[in-house]
Structure formats: C-alpha cells, structure tokens
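The values are calculated or read from the model by the stated rules, or taken from the named source; none is laboratory data. Computed from a prediction, not measured in an experiment: that's the story for all the values here. Cβ placement follows ideal geometry from the backbone for every residue including glycine, while neighbour counts extend to all protein chains displayed.
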Amino acid sequence: MSASILCPRCGFGNEAGWTFCTNCGAALSAPAAPPSGAPPPAWTPGYGGPPAPAYPPTTAYPPYPAYPPYAYGPPPWEAERRKQINWTRSGILVLLIGALLSWIPKIGGIGGIFTLIGAILVIIGRKAFGTAHRRNVVVSIILFFVGIAVAIVGAVVVVLVAVGDVMPGMTEAQLTALLSGAFTNLLIVVAAGTFIAGLASVFFTYALQETEGRVILWAAYGATVGVQIAILVATLPLVPTIAAQVAHQIVTTGTVDSTEISAAVEGASTWLSLLNAIPAVLYAAANYLAWTRIHKGEIPAPPTAPTAAPTAAPPAPPPAPPINPV
C-alpha cells in the first residue's frame with residue numbers, strides 16, 4: 001500500500017492522491033523525499049502493513065563455465081567380462097589356424113605353437129562363458145596331461161623293462177625277440193596316450209558348440225583314433241625287421257645306428273600321417289562354428305550385474321523383563 005499523506009493542519013492521515021484533507025479540508029502537499037542515506041519514514045500503525053526492509057543490492061556472479069558431459073564407462077565387472085570374451089574369441093581363431101597347420105609334415109611344429117597359444121587364450125577367458133565351459137576346460141587340461149603322462153611314463157617303463165631283461169651272452173635271435181616285444185609295447189602305449197589326450201580337443205570347446213559343432217568334434221576325434229590305428233597297423237609288421245636290425249648292430253658293433261631305423265619307420269607311416277588332414281579340417285570347422293557364435297553375440301549369455309551376498313537378519317532383541325506386581 002502506498003504511504004499516506006499527513007495533513008499539515010490537523011495531522012490527519014489521508015490516502016495518497018488526495019488534494020485536500022478529508023478531515024479539515026486543508027490543501028495537501030506530496031511528502032518530501034527523504035534525503036539520501038536517511039532512514040525510511042516510520043510506519044504509522046493502523047495504516048497498512050510495515051514497509052518492506054531494504055536489502056543491499058545483490059552482486060552478479062559470473063556464469064559457470066560449460067563442461068563437457070562426463071562419459072560413463074562400463075562397470076568393472078562388465079569390462080572384465082568383455083576382455084574375457086575377446087580372449088576366448090581370439091584363442092579359438094588361433095586354434096583354428098593351428099589345426100590347419102598341424103598335420104603338414106614340414107610345418108607341423110608351427111601348428112603346434114599356434115595350438116598352444118590359442119589354448120592359453122581360451123583358458124584365460126573361460127570364466128565369461130558359464131560353469132559348463134569352465135568345467136570342460138579344466139577337464140580338457142587334465143585329460144591332456146594324463147595322456148602325455150601315459151605316453152611318457154609308459155615309454156620309460158617299457159624301456160626300463162627291456163633293459164632289465166637284457167642278459168650277458170644273449171644270442172642275436174633272443175635279443176631280436178626282446179626288442180620286438182619292447183617296440184610293440186612302446187607303440188601301443190604311445191597310441192593309448194594319444195587317444196586320451198585327443199579327448200581334450202573335444203571337451204575344450206564342447207560347451208561353446210551347438211549340436212552340429214558337437215557332432216563335428218566327435219567325428220574329428222573318431223578320425224584321429226582311426227588314423228592312429230591305421231598308422232599302428234601299418235607299423236607293427238615292420239617291428240620284427242627293425243628289431244632284427246637293432247639286435248644285429250648291438251651284437252656285431254655294440255652300437256645302434258638310428259638312421260636306418262628312422263628311415264624304415266618314416267617310409268611306412270609318412271603317407272598314412274597325411275590322413276591327419278581329415279581330423280585337422282574337422283577340428284578347424286568346429287572351431288569356426290564356435291568362433292562364429294561368439295562373433296555374432298550368441299554366446300555368452302547377456303550379462304547380469306553381480307549381486308551382493310544376502311546378509312543375515314539382525315538378531316531379535318531380548319524379551320522385556322517381567323513387571324513385578326506392586
């Protein structure tokens with residue numbers, strides 16, 4: 001409400017805008033503006049509310065500088081999951097290359113190196129693909145080392161037994177029979193170790209496959225067993241001849257020249273070893289199917305944020321003590 005105008009004659013408060021006093025009729029004049037720095041006029045009770053307090057002028061602050069929006073990255077568990085998926089995808093691709101190179105006689109060692117590197121990558125990234133895959137990877141590692149141990153330990157045992165059976169004064173025929181049995185047992189033991197270790201290639205990516213891929217894996221293992229049996233069958237008839245050559249060298253010269261023995265074995269098994277291309281191509285095809293599923297995002301399953309372990313409920317408060325009667 002605007003300030004009232006006091007009558008200079010009677011002191012009656014008139015509303016602003018009036019020219020004459022409504023009480024005595026004297027002429028009214030507008031109130032003089034207070035001097036600069038003077039306090040505002042006192043409020044007269046009964047005429048409107050109290051005047052609003054005077055606040056000092058506010059200071060204008062400069063605007064905040066514009067910052068680019070913060071780019072939020074994936075949570076740590078999701079970043080680790082993506083890393084494991086990339087490890088597995090790269091590892092299976094390296095396994096595919098190793099399978100295609102491993103059967104070639106001159107560069108088979110390079111294929112073995114590729115296979116080893118790919119297996120390590122798949123082992124590192126196994127956690128992102130579920131419990132079944134993690135279990136199968138562990139089973140594959142166990143089967144691989146068990147197969148290697150069977151082949152190595154079996155070969156050592158066969159050699160030690162053969163050396164222990166050698167007697168002074170043995171004839172060439174007796175030594176030939178002893179070596180023939182030892183060579184036969186050695187081939188069988190190595191083949192058995194190969195059969196066990198071959199199962200590792202089946203289970204290594206088994207959980208990553210659909211039905212088609214699993215059938216191909218078992219077909220590849222069957223082809224591996226078939227090729228090894230074919231090589232064994234082709235090599236066993238040569239064992240008596242090789243044993244006779246070794247026995248003759250031992251009896252006549254006291255030494256063994258392995259050049260002729262290696263040439264005889266390679267001549268019988270080299271052309272059969274080319275059949276290893278069949279399981280190699282099948283394993284490569286199965287690895288390609290697994291790699292395709294990962295590349296298309298079919299596996300692993302969509303991520304879920306890890307949940308905290310449920311906490312136990314707080315213990316119930318003890319019952320209140322009974323109130324003693326007065």
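With in contact with a helix residue (DSSP H, G or I) (Cβ under 9 Å, 6 or more places away or on another chain) and surrounded by 17 or more Cβ atoms within 10 Å (Cβ to Cβ) as the only criterion, which of L121, L116 stands out?
From the options L121, L116, the qualifying one is L121.
Restricting the search to region 158-203, which residues are surrounded by fewer than 16 Cβ atoms within 10 Å (Cβ to Cβ) and in a loop (DSSP other than H, G, I, E, B)?
V166, M167, P168, G169, T171
Hey, A207 hits all of (1) modelled with pLDDT of 95 or more; (2) under 22 Å from S102 (Cβ atoms) but one; which does it fall short on?
The one condition A207 does not meet is (2).
Determine if region 134-145 includes at least one residue that is among the aliphatic types (A, V, I, L, M), surrounded by 13 or more Cβ atoms within 10 Å (Cβ to Cβ), touching a residue at least 12 places away in the same chain (Cβ under 8 Å) and farther than 30 Å from I85 by Cβ.
no
Of everything in region 204-232, what is surrounded by fewer than 20 Cβ atoms within 10 Å (Cβ to Cβ) and of a type in the set (S, T, N, Q)? Give them in sequence order.
Q209, T211
Would you pick out the residues in region 118-133 that are more than 14 Å from S201 (Cα to Cα) and either free of Cβ contacts under 8 Å to residues at least 12 places away in the same chain or out of contact with any Leu (no Cβ under 9 Å at 6 or more places or on another chain) (or both)?
Scanning region 118-133 gives I124, G125, R126, K127, A128, G130, T131, A132.
With the structure loaded, tell me whether A247 is under 52 Å from the mean Cα position of the chain (by Cα), among the small types (G, A, S) and in a helix (DSSP H, G or I) or whether it fails that test.
Judged against the criteria, A247 is not a match.
Any residue at all in region 241-258 that is of a type in the set (S, T, N, Q) and touching a residue at least 12 places away in the same chain (Cβ under 8 Å)?
Scanning region 241-258, I find at least one residue that is of a type in the set (S, T, N, Q) and touching a residue at least 12 places away in the same chain (Cβ under 8 Å), so the answer is yes.
For region 221-256, what are the residues that are touching a Ser or Thr at 6+ places or on another chain (Cβ under 7 Å) and within 16 Å of S273 (Cβ to Cβ)?
Answer for region 221-256, where residues must be touching a Ser or Thr at 6+ places or on another chain (Cβ under 7 Å) and within 16 Å of S273 (Cβ to Cβ): Q228, I231, A234, T235, L236.
Would you mind stating whether L101 is farther than 30 Å from R81 by Cβ, at pLDDT 95 or above, part of a helix (DSSP H, G or I) and in contact with a Phe, Trp or Tyr (Cβ under 8 Å, 6 or more places away or on another chain)?
yes
Which residues, taken from region 261-299, are hydroxyl-bearing (S, T, Y), out of contact with any Leu (no Cβ under 7 Å at 6 or more places or on another chain) and at pLDDT 85 or above?
Listed by number, the residues that qualify are Y283, T292.
Any residue in region 161-169 that is under 26 Å from L282 (Cα atoms) and not hydroxyl-bearing (S, T, Y)?
No, region 161-169 contains no residue that is under 26 Å from L282 (Cα atoms) and not hydroxyl-bearing (S, T, Y).
From (1) surrounded by fewer than 16 Cβ atoms within 10 Å (Cβ to Cβ); (2) over 16 Å from Y288 (Cα atoms), pick out the condition that doesn't hold for Q84.
(1)
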